[in-house]
Structures are given as structure tokens and as C-alpha cells.
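Below is one structure, written out as C-alpha cells; comments come after it.
The values are calculated or read from the model by the stated rules, or taken from the named source; none is laboratory data. Treat the numbers as computed from the prediction; the structure is a model and nothing was measured. A quick note on method: Cβ atoms are made from the backbone with ideal geometry, for glycine too, and the neighbour counts reach across all protein chains shown. Quick note on the areas: whole protein, heavy atoms, side chains included, nothing else; ligands and nucleic acids left out. Shrake-Rupley method; radii C 1.70, N 1.55, O 1.52, S 1.80 Å.
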Amino acid sequence: MKRYGNIVFVLACVFCFTMVYAFSPSVSMAAKEAKKAKAATKLDPEYSWAGKINDAFDINKMSDMSDFDPATWASPKGDTIKVAYINAFSGPAAINGHIHFVPIMFAAHDINKRGGILVDGKKKLIELIPGDHMSKPDTCKKVCERMVLQEKVHVLMGTSGSNLMKIINEVGNKYKVISVDEGAPSDEMQNAENFGRYSFMTSASTEQIGRGMAYYYGQIRKKEKKFYVLCQDYSFGRGMADGFKKGLKEYYPEAQLVGEDYHKLFLTDFAPYLTKIKASGAEVIWTGDWTPDSGNLLKQARQMGITLPFANLYMTSPSELNEVGVEGTNGLINIDYHDVFPYFKHPGYVKFYKAWNNQWKKWKKDPFNSKLFEHGNEAIGAFTLAPYWLFSVIERAKSTDPEKIIKVWEGDTYQYANGRVIKMRVCDHKAIQNLTIREFVPPEQQKLSFNIPPYYWSKERSAPGQGHVIPAPKVLPFMDQKLDRCKGKNDWGE
């Protein structure tokens, strides 16, 4: 009887201990966070087109980033996963190299602190090797070939300038090295003439972007009807214009194009073009210009008394917008392929954002300490997120073998840290994705987008307020039916 009483006593103690443990604040909180994180992997209704998510960024696995500083960050060397990043680090477009490369550093630092990626039976760290193409085609080709033949890189990644990205892809396809286009949206990158099995495009493409902006004006805003196109005079700028014009016919047939011009890259005097715009009766200017052209164009327009809104892709550099101020940037309409609305809608993304923003406050060296890098979005958001997709694909391929990477990436669906879902179309390696329209407003209205304290992006300029989602099915990327792999397929590549 006594023995029976002892057994009951022990069982009672175990039960009480279990109950206390289960309902303790720390355990309860951990359980809630785990449940919240698990819920975050469920597909948001706005991504119903995507089907199953093959992999998603897990905020619970993110490293402590409190030691990240781009001015002092040193890439590991040796037996590594070698990624070459090619962009302009000198010349008139030098800032673009930093805009793209720092976020890639951030992602690599995170993965490396986790211990790297298991490939070919061994955990390896990610080595980043920058290459300066100086915005020159001949230099770009030499740098890419050096990366492949001497540095023995596994991945080529770039760049600002579709003409230069085309060269990167050509080198990658020639030597059977994966090339990733994260910053050159021209559709010609993946058409029948230029497509290669080893090249992948994670950015949106020009036709998608142009049609998306036209969809916004014709199907959502439904106000202005007179548009003027002013873009850079090369394949990207022409593609941006063509996509917008096609979109107007498709989604806003009653709209009128009152003028169309193209200017050379890195122009310093926009007055002749702005004078024509002023006399045209335009209500909106559509431009795909990127820095420094985007900033110079906006500043000179405001100096000439032109207060028309710019509908744009890359007129987002905080440093340039701050020069124009709140009033001069109010009413800008931006379309992008990295944001969501509101910005902090996805569970756990506040942690990701603060991992960047808290570090930025400590950075002392120019240009990293400038407002350009403050939020890790605006001009650089897409570049912060895109490398994680690449690293996820390599991790799931469990190899640096390009054939194994291709097998995983074709048709892959991935969810970024902010909840955005992106899918790689099989036949031409273009990304299918929603686009986001961001209406720039004064600081007191920015809380619609920046939905955590302090509830504004900046007090020095207008910034995103109201946002609108352009669903992927409305802006599927152009598919070249002349490409053998795409013949007979629908726009989903099926």
C-alpha cells in the first residue's frame, strides 16, 4: 500500500511539473512564436497563382547580424562557394555597385554565420568576389572571363545596365556557369536570341513593369489621361517605354501619349527634353531612369517649375530625393518588384528589417552611412532579398554543379523574408511575381506603408504611403515564342 502511495506521489509531481513548464511565460511565448512562424509559411491569398511554396526564408534561422558592417566586412577565402558580383564600382555610375553589392554581402554574412551551405557532402561558406565593369562593355567581358577562368567562380551575378548583363550571361552560358540577373530588367536578356540555360532572371522585366504601371493608371487610379515617355536610350529604356505603351492599349485605351523621347546615359542637361514636356500638355511623365539620371531629371524638372508627377521604377534614391524635399517628391508614383503593402505585414519581417536598420545606425564610412542605405529597401530592397533565393536553390541542390542548380531552380517557388512569393518560369527563366505600386506622400501620411513606429520613412522627403498590388496574372513576363523551349506554351510556361 505504501509503495502504491509513493507511485501516486511521483506521478502527481511529474504532472505538476509538466503543467508548470507548459504554462510558464517563456515556454508559452516560444510556443506562440513557433506557431506564428509556422502560420507565416501558409500562402497569402494574393499569391494564390503561385501554388506550392518550395522554400521560404525562415526568420527563426537568421543569424545575429550585430557585427555586420560593409566597410569592414571581409569575404571568406579557400574552399568556398564562389559568387562573383559584377557592377560599376567606378565611373559615373559607381554608386550602383554599392547599392547592389552591400545587400548581397548582408545575405552572405547571414548564411556564413549559420555555418554555410552543405554542398557536395561538405559545408562551405559563401565567398563574394566583386568585379568592376566600369560601365564599359569591353571591361565587363574581361572581368567576367577572369572570374570564370582564374577565380573559378560558381556563379556570376549582376548588374546595372542590360547591355552589360547581356555580356555576363554570354560568358556564363559559354563556360557553363550559372549567371543571375538581379538588376537588369530588359526583356531581351531571356529572348530567343540571347537565352541560355545557365542564366536566370530574378528581377521583373521591362514589359511587366511598363504594363504594370499602365494597369495602375487605367484600372486603379483612373484620373490622368495624358502621358509623356522619357527614358534612357538603350534596350532597357526602349523596353520600358514599349511595355508602358503596350499596357496603355491593353488597360487604358482612352489614354493619350502626348510625347516620347530617349536620352543618352549619364546626361547632365535635361532642359531640352523638359521644355518639350512642359509644352506637351502632359499630366504624367513615365521614366525608367536609374541613378544618377533619375535624380538629375527630377531635380532639373522641379527647378524649371515642372511639378508633374513622375511615374517611375528607380526614382527612389533617398539621397537624391532629399535634395528635392517633401513638396518636390510628393505625388511620385513608383512601381517595384520587392515591396509588399503594408511593409511589415509578414510575421517576422520586423526582425529582418531591424537587423539591417540597427546596423546602419552604426556605420561610419561613406557611402554606407548615407540615407541611401538607411532602410534596406527603396533603391536596394530587391537586392537585399534576391540573393537568399539563389542561396536557397544551392542549398536544396546540395551542390555547386550547375546542372543540379538548374534542375532545382526551373519552376521553383520561393517566399522572401517580407512574404513576397516569386516563381521561376521553366522555359525562359524569367520570374513571375506580383508588382507593387507605391504612392509617395508627406511624412504624416507614410504610416499607411511604414506600419510600425515611428510610422514614417523620412521627414526630409515624401516616401511610400498608399500601396497597390498588381497581381502577377495581369503582368506575366513577355515570353518569346521563337525560343524553342517556349513554343506552344501559354504565358505561364505550361
Flagged in segment 228-264 as closer than 22 Å to Q303 by Cβ and out of contact with any helix residue (DSSP H, G or I) (no Cβ under 7 Å at 6 or more places or on another chain), in numbering order, are K264
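Can you spot a residue in segment 390-404 that is part of a loop (DSSP other than H, G, I, E, B), in contact with a Phe, Trp or Tyr (Cβ under 6 Å, 6 or more places away or on another chain) and open to solvent by 10 Å² or more (accessible area, probe 1.4 Å)? Even if it seems obvious, please write down each step before you answer.
Here is the first cut: in segment 390-404, the residues part of a loop (DSSP other than H, G, I, E, B) are 398-401.
Next, from what is left, pick out any that are in contact with a Phe, Trp or Tyr (Cβ under 6 Å, 6 or more places away or on another chain): none.
Checked against the condition, which is being part of a loop (DSSP other than H, G, I, E, B), in contact with a Phe, Trp or Tyr (Cβ under 6 Å, 6 or more places away or on another chain) and open to solvent by 10 Å² or more (accessible area, probe 1.4 Å), segment 390-404 yields no hits at all.
Is it fair to say E151 is surrounded by fewer than 20 Cβ atoms within 10 Å (Cβ to Cβ) and either part of a loop (DSSP other than H, G, I, E, B) or out of contact with any helix residue (DSSP H, G or I) (no Cβ under 7 Å at 6 or more places or on another chain) (or both)?
On the way: surrounded by fewer than 20 Cβ atoms within 10 Å (Cβ to Cβ): yes; either part of a loop (DSSP other than H, G, I, E, B) or out of contact with any helix residue (DSSP H, G or I) (no Cβ under 7 Å at 6 or more places or on another chain) (or both): yes.
Yes; evaluated as a whole, the condition is true for this residue.
Kindly indicate whether any position in segment 186-193 is farther than 22 Å from K482 by Cα and in contact with a helix residue (DSSP H, G or I) (Cβ under 6 Å, 6 or more places away or on another chain).
Here is the first cut: in segment 186-193, the residues farther than 22 Å from K482 by Cα are none.
Within segment 186-193 (the criterion being farther than 22 Å from K482 by Cα and in contact with a helix residue (DSSP H, G or I) (Cβ under 6 Å, 6 or more places away or on another chain)), the answer is no, since none of the residues qualifies.
List the strands (runs of 3 or more DSSP E) that sit entirely inside segment 202-319 and contain at least 1 residues that are without any contact (Cβ under 8 Å) to a residue 40 or more places away in the chain, open to solvent by 10 Å² or more (accessible area, probe 1.4 Å) and under 28 Å from T159 (Cβ atoms). Give the derivation first.
Values: elements: 226-232, 256-263, 284-287, 310-312.
The qualifying strands (runs of 3 or more DSSP E) are 256-263.
Which of the residues spanning segment 40-66 are of a type outside the set (A, V, I, L, M, F, W, C), assigned to a loop (DSSP other than H, G, I, E, B) and touching a residue at least 12 places away in the same chain (Cβ under 8 Å)?
Here is the first cut: in segment 40-66, the residues of a type outside the set (A, V, I, L, M, F, W, C) are 41-42, 44-48, 51-52, 54-55, 58, 60-61, 63-64, 66.
Then drop every residue that is not assigned to a loop (DSSP other than H, G, I, E, B), which leaves 41-42, 44, 51-52, 54, 58, 63-64, 66.
Hits for segment 40-66 are T41, D44, G51, K52, N54, D58, S63, D64, S66.
Matching residues to (1) of a type outside the set (S, T, N, Q); (2) more than 23 Å from the chain's Cα centre (by Cα); (3) more than 25 Å from D233 (Cβ to Cβ):
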position	(1), (2), (3)
V148	yes, yes, yes
I167	yes, no, no
V177	yes, no, yes
E182	yes, no, no
E188	yes, no, no
R197	yes, no, yes
S203	no, no, no
Here the residues within segment 158-195 that are more than 29 Å from R438 (Cβ to Cβ), open to solvent by 10 Å² or more (accessible area, probe 1.4 Å) and in contact with a Gly (Cβ under 8 Å, 6 or more places away or on another chain) are E170, N173
Log entry, pairs with first residue in segment 337-352 being farther than 25 Å from T206 by Cβ, second being at pLDDT below 90 and not polar (S, T, N, Q), beta carbons closer than 8 Å, six or more apart or on different chains, reads H346/A40; P347/K36; P347/A37; P347/A39; P347/A40; G348/K36; G348/A37; G348/A40
